[in-house]
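So the structure is just underneath, and the comments pick up after that.
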Amino acid sequence: MHELSIVQSLLDLAAKEMAANGLAKLLRIKVKYGGLTAIAPDALEMGFTALTAGTPLAGAVLELEETPVILRCGKCGLEFSPKDASGRYGVFAPCPACGEEIGHAVAGGKELFIEYIEAE
Amino acid sequence: MKIPVVRNILEANDRVAAGLKEIFAAKHILVLNLMSSPGAGKTSLLEKTLGDLRGEFKMAVIEGDLQTDNDARRVAATGAQAVQINTEGGCHLSSSMVAEALKNLDIEGLDILFIENVGNLVCPAEFDVGEDFKVTLLSTTEGDDKPEKYPLMFNLSKAMVLNKIDLLPHVDFDMERAAKFARALNSDLPVFPVSCRTGEGLAAWYDWLRAARAAKA
């Protein structure tokens, strides 16, 4: 449940941005998280509801968007985003061009950031 | 009003971690963040390492645990300084917890500081605690597919220790498979098969520690 720490950091950042812009009511926060991060969206949403209840941030919408895992083949350099049978981003996959299985570099999927907030 | 933010959510943690790195760099202390599942043998590896290298390095340990100071007492029995952090249910250490623990630690003249994270292969991976390197410990009594299930942890690690190899004849653990998947997204990852019980393989781990420490001096 490290999502609670993440939500707390998220709310601290939002509150700072709102104060800097003289805004009092938070409407929406847009968060992007990489497919390789250990983020459970349900846990983030639950933490968000729990930590905003009874505060000026209560009622705001938390919008989550997963960003793709991007691997760069260690042999031929091709960048690709493997998905498993259920359509989720996979991590271990042969390069679609040359078939190399190991030594890929992670070119995307570890990020975790607030893209924007909407407030009034 | 829409305000573009585009800021790393963990930047508060990262900022404190960066401050810790400066302190450790100024004092030439090698700092390792040791992570594993519960029961893989983090404390056993530390007991062995602290005992065997006692004459070579001045070492200390920050122990992260949900409850109890059992591990800190085991570590202190080797003669090394140990400071306990009880996360009281928290699933990972954060940089501010380590900064707080440092107040109770004499780091003057220290060569190596081990930070034993909470036993958990998920959450600790996200939080920089000021370390030079993350080291992941895996044991042969777990599934050999752990690196497939927890890719971020193994991707971020600078070394992997594979403990309990004395039990290999009794378990269905495929060392090749574990190493292959650990290296799939981290091709230079050194893997050290050891037994903390018999001492087998520890020499190679100690050589890696010596080299890492020398690079920080």
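The values are calculated or read from the model by the stated rules, or taken from the named source; none is laboratory data. Note that the coordinates shown come from a computational prediction; the quantities given were computed from them, not determined experimentally. Reconstructed Cβ throughout: ideal geometry from the backbone, glycine too, with neighbour counts over all protein chains shown. Heavy atoms of the whole protein, side chains included, go into the accessibility calculation; ligands, DNA and RNA do not. Shrake-Rupley method; radii C 1.70, N 1.55, O 1.52, S 1.80 Å.
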Completion exercise
Residue separation between A:GLU120 and A:ARG28 times 0.36 nm, minus their alpha-carbon distance, gives in nm 32.1 nm
Problem - Long-range HN-HN contacts of A:ARG28 with modeled amide H, under 5 Å - result: A:VAL61, A:GLU118
Completion exercise
Heavy-atom accessible area per residue of the protein assembly as shown, all protein chains kept, 1.4 Å probe, expressed in Å², is 43 Å²
Fill in the blank from the handout: Helix-only [θ] at 222 nm, chain B, -39500 (n - 2.57) per DSSP H run of 4+, per residue, nearest 500, equals -10500 deg cm²/dmol
Handout entry: Extension gain from B:ARG54 to B:LEU105, taking 0.36 nm per residue of separation minus the Cα-Cα distance
Key = 16.6 nm
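Taking the Cβ of B:ASN13 as the centre, find all other residues whose Cβ is under 9 Å away and add up their charges (Lys, Arg: +1; Asp, Glu: -1).
-3
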Handout entry: P(r) tail fraction, the protein assembly as shown - alpha-carbon pairs more than 31 Å apart, %
Key = 38 percent
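Would you kindly calculate the mean projected area, averaged across all directions, of the convex hull enclosing the Cα atoms of segment B:31-112, in square nanometres? Kindly include the intermediate steps, with their values, before the conclusion.
Details: hull surface 20.8 nm².
For segment B:31-112, the mean projected area of the Cα convex hull comes to 5.2 nm².
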Exercise for the section: Determine, from the Cβ-Cβ distance of B:ALA211 and A:LEU64 and an R0 of 41 Å, the FRET efficiency 1/(1 + (r/R0)^6), rounded to the nearest 0.05. Expected result: 0.45
Fill in the blank from the handout: Partner lysines whose C-alpha sits under 17 Å from that of B:LYS134, ignoring same-chain residues fewer than 8 away, are A:LYS110, B:LYS21, B:LYS42, B:LYS146, B:LYS158, B:LYS216
Fill in the blank from the handout: So the A/B interface buries, both sides summed and with a 1.4 Å probe, an accessible area in Å² (nearest 100) of 2800 Å²
Exercise for the section: Whenever you get a sec, compute what percent of the accessible area on segment A:15-120 sits on carbon and sulfur atoms (1.4 Å probe). Expected result: 52 percent
Problem - Relative contact order for chain B, counting Cα pairs under 8 Å that sit 6 or more residues apart, in percent - result: 24 percent
Handout entry: Cα coordinate range in segment B:11-216, projected on the principal axes (Å, largest first)
Key = 45, 38, 35
Exercise for the section: Evaluate 2.2 N^0.38 Å with N set to the residue count of chain A, then give the Cα radius of gyration divided by it. Expected result: 1.32
